[in-house]
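What follows draws every value from the coordinates through simple rules; no lab data is involved. All values reported here derive from a predicted model rather than from experimental measurement. Heads up, the Cβs are rebuilt from the backbone with ideal geometry, glycines too, and the neighbour counts pull from every protein chain shown.
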Amino acid sequence: MPHPQMEIDPTIAVHSPGDVWIGAAVGDLAKDYLLHWDGAQWRKMWVPPAFPACVCAPPVTTDDHGGVWVGSWAHWTGSVWVDTGATAPTLANLAFSQLTWVPGTSASYAVGSAYTGRSPSAYHAAVVVYGPIP
């Protein structure tokens, strides 16, 4: 596989041996990208710059149909990028650590933490739901 230099630990999502996604952050939102393994080769792709997604912060998860979610903001269907129009809560330093698509629905859940700045231990759990709550 490619061994690109990254500034932040990569994110990974695996649907099958022939459907593996890695989110790579290189320290520049315009240059962050995804690597996709299709069972034969790795392919490099970018989230469109107009989308409010960032590969480095939101994790990636497969959609079980050959596509991938980058956070709840951007969805690669396998042929086109879709801007979901989702927005993150207005919390300072919101960082997602896990994302999952809810099988059989159009919903996804993201979990992580938010820093509120109210005390030295002001990190609080954050759960964001995009789509209908199952």
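What does the extension gain come out to for Glu7 and Arg43, with contour length at 0.36 nm per residue minus their alpha carbon separation?
Details: separation 36, 0.36 × 36 = 12.96 nm, distance 2.00 nm.
Gain on extension, Glu7 to Arg43, equals 11.0 nm.
Could you pull out every residue, at least 5 positions away or on a different chain, whose amide H is within less than 5 Å of the one on Val26? Hs are placed 1.01 Å off N in the peptide plane, and Pro or chain starts have none.
The list, which skips near neighbours in sequence, is Glu7, Asp32, Tyr33.
Can you compute 3J(HN,Hα) from phi for each residue in the range 9-24, using the Karplus curve 6.51 cos²θ - 1.76 cosθ + 1.60 with θ = phi - 60°, rounded to whole Hz and x for Gly and Pro?
Values, residue by residue: 3, x, 9, 9, 9, 10, 9, 7, x, x, 8, 10, 10, 10, x, 10 Hz.
So how do His65, His75, His36 line up by other beta-carbon neighbours within 10 Å, fewest first?
Numbers: His65 11, His75 25, His36 19.
In order of increasing Cβ crowding within 10 Å: His65, His36, His75.
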